[in-house]
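One structure is given below, encoded as structure tokens.
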Amino acid sequence: MAGQVVDYLSGVLAALPDAPLADLSYPHDVLADPDLRRPPPEHGRPLAELLAVVDRAARPGLNPSSPGYFAFIPGSGLVSAGLADLVADVLNRYTGMAAPAPGLVALEADVLRWLADGLGLPATAGGLLTSGGSIATLSALITARHDRLGEDFLSGTLYATDQVHHAVVKAARLAGFPTGAVRIVPTAGGLHDGGLHMDVGALAAAVAADRAAGRTPFCVVGSAGTTNTGTVDPLPAIADLCAREGLWFHVDGAYGGAFALTERGSARLRGIERADSVVLDPHKGLFLPFGTGALLVRDVGALRAAHSGDDEAGYLHDLDELELPDFAALGPELTRDTRGLRLWLPLHLHGVAAFRDALDEKLDLAAAAYASLRDVDGLTLLAPPELSTIAFRCSGPGTPEELDARTAELLRRVDAEGRVFLASTRVRGRRLGRLCVLNHRTDRARLDEAVSALRRHARDLAGP
Ligand SMILES: Cc1ncc(COP(=O)(O)O)c(C=O)c1O
């Protein structure tokens, strides 16, 4: 069976550079395929037939593994991590607690230590791997809530800009906060002057106003790379304010945090080492397949206190306390996959330098895209990239609505060529195109294809 799967996947990977990037037709005829949509049979079918069904099922939609994928935050799908998953799943050990699989828990704990060290967090830091950034954010906000507000938390307020990922707002809701608890802090400038950074003076004023009104400010969320534009908030100034005001400082590094591995990235992310909690998404910045986020908390005791009360189940008491973490005590899940291997194996197999170099290359590629696009007639770039994302908008004559439509048409034409795929976002009501470089397979040649398509179509749309 494994041989058949490997043969199938080898073919998939060989075809990947030229495989279709996006098929967004809906309803897609694949969905009407009776072979695809039927209940499990009473008696099994050959694996080869089923792999063919899976292959067809994977066709409609987007292909984020492609080197030409620059939309949203690309997810690469490092193959060695997939192999680690296979090993982990076939071994099938229980890693929710240390005692049943201390060696495998140690490998995962060591990866988390390495991540915490890479961010500059102290020895007291610890955390866990999650299924993604959203769940990691939920645990972070629950920890902040528990640590700073206790059980009577309904007057609590937390602060972020309007550029924060919606996972933060969702996590606040799931953590029990009423609508309105998330205060939107103004940014320091307008759309076109790179002004999407948190205005820390405005943050201080908002905190003071809330205190005066009887609310309980408890947490500030800084972005280490927003999804929209890759903007990094002024983390040192936010850290200063949090220290002064006794607020929990959370950093959303789901997109940008991994760049701390590089020299340039760590300079841009300065201040992240002062966070009380940081979310990373290895399924973004460390090129892993979807399904791996990470939460690191400065004081792992706060994480444990928030997630494990006195309610430990009797049937777990036979398991000895080890020096190793019980991940079940640090997060919402009791049983989980052996997540650590999907980080441990690639990091040890390829070496840290391979990851650092790949991230450095993404910074270079985004800088190159910016340099080649900034003088194009009919195109305005928002700001030089702080990480690996550039945002742009059609410019020239026309109302803002017409320029929105022209920007959408630009992306439609670029995507229609089939070599690259870009998507847009809306910021302050205006449509922006985005080019986010974060796939380990994306190289200079593919970036140049994206840039040249953008230049050509932007000029055409600008007219004579
Ligand atoms: C900045 C940021 N934060 C949080 C998230 C949520 O992470 P996930 O999709 O892994 O749940 C994302 C990504 O989608 C993101 O880009």
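Enumerate the pairs (first residue in region 260-283 and in contact (Cβ under 8 Å) with a residue 12 or more places away in the chain; second residue anywhere and of a type in the set (Phe, Trp, Tyr) and within 13 Å of the ligand (Cβ to nearest atom)) with beta-carbon separation below 6 Å, excluding pairs fewer than 6 apart on the same chain, so at least 6 apart or on different chains. From residues that are in contact (Cβ under 8 Å) with a residue 12 or more places away in the chain, the pairs are Gly265/Phe259; His283/Phe290. Applying the set (1) within 16 Å of the ligand (Cβ to nearest atom); (2) modelled with pLDDT of 95 or more; (3) outside any helix (DSSP H, G or I) to Ser134 leaves exactly one unmet item: (3). Within the set Pro346, Pro385, the sole residue that is in the same structural domain as Ala188 (by TED's automatic domain parsing), buried (at least 21 other Cβ atoms within 10 Å of the Cβ) and modelled with pLDDT of 95 or more turns out to be Pro346. Selection of first residues in region 119-145 that are under 13 Å from His307 (Cα atoms) and of second residues that are away from the ligand (no atom under 11 Å from the Cβ) and hydroxyl-bearing (Ser, Thr, Tyr), restricted to Cβ pairs under 6 Å at least 6 apart or on distinct chains, gives the following pairs, ordered by first then second residue: Ala140/Ser277.
Candidates in region 211-243 are the residues that are part of a helix (DSSP H, G or I) and not hydrophobic (A, V, I, L, M, F, W, C); of these, the one that is farthest from the ligand (Cβ to nearest atom) is Arg211. Among residues of region 175-197 being surrounded by 15 or more Cβ atoms within 10 Å (Cβ to Cβ) and among the aliphatic types (A, V, I, L, M), the one that is nearest to Ala306 (Cα to Cα) is Ala175.
For region 260-273, filtering for residues that are within 16 Å of the ligand (Cβ to nearest atom) and under 22 Å from Gly126 (Cβ atoms) leaves 3. Going by the conditions given, is Asp404 acidic (Asp, Glu), part of a loop (DSSP other than H, G, I, E, B) and more than 26 Å from Gly256 (Cβ to Cβ)? Against the criterion (acidic (Asp, Glu), part of a loop (DSSP other than H, G, I, E, B) and more than 26 Å from Gly256 (Cβ to Cβ)), Asp404 does not qualify. Right, Gly176: outside any helix (DSSP H, G or I) and farther than 27 Å from Arg211 by Cβ or not? Taking the combined requirement at face value, the residue does not satisfy it.
On the stretch given as region 428-454, residues that are in a strand (DSSP E or B) and surrounded by fewer than 19 Cβ atoms within 10 Å (Cβ to Cβ) total 1. Between Ala15, Ala52, the distinction of being in a helix (DSSP H, G or I) and exposed (fewer than 11 other Cβ atoms within 10 Å of the Cβ) belongs to Ala15 only. Would you mind stating whether Leu129 is within 16 Å of the ligand (Cβ to nearest atom), buried (at least 20 other Cβ atoms within 10 Å of the Cβ) and not in a strand (DSSP E or B)? No. Considering region 244-258, the residues that are closer than 20 Å to His283 by Cβ and part of a loop (DSSP other than H, G, I, E, B) include one that is farthest from the ligand (Cβ to nearest atom), namely Gly256. From the set of residues in region 259-272 that are part of a helix (DSSP H, G or I) and in contact with a helix residue (DSSP H, G or I) (Cβ under 6 Å, 6 or more places away or on another chain), which is nearest to Ala160 (Cα to Cα)? Checking each candidate, the answer is Ile272. Determine whether region 294-310 contains at least one residue that is within 16 Å of the ligand (Cβ to nearest atom), buried (at least 24 other Cβ atoms within 10 Å of the Cβ) and part of a loop (DSSP other than H, G, I, E, B). Checked region 294-310: no residue is within 16 Å of the ligand (Cβ to nearest atom), buried (at least 24 other Cβ atoms within 10 Å of the Cβ) and part of a loop (DSSP other than H, G, I, E, B). May I ask you to list the residues in region 274-291 that are assigned to a helix (DSSP H, G or I) and either at pLDDT below 95 or more than 11 Å from the ligand (Cβ to nearest atom) (or both)? If the condition is that a residue be assigned to a helix (DSSP H, G or I) and either at pLDDT below 95 or more than 11 Å from the ligand (Cβ to nearest atom) (or both), then Arg274 is the only one that fits. Being away from the ligand (no atom under 16 Å from the Cβ), crowded, with 17+ Cβ neighbours inside 10 Å and at pLDDT 95 or above is not true of Asp152.
The values are calculated or read from the model by the stated rules, or taken from the named source; none is laboratory data. Not measured: the values here are computed from a predicted model. In this analysis, Cβ positions are derived from the backbone assuming ideal geometry, glycine residues included, and neighbour counts consider all displayed protein chains.
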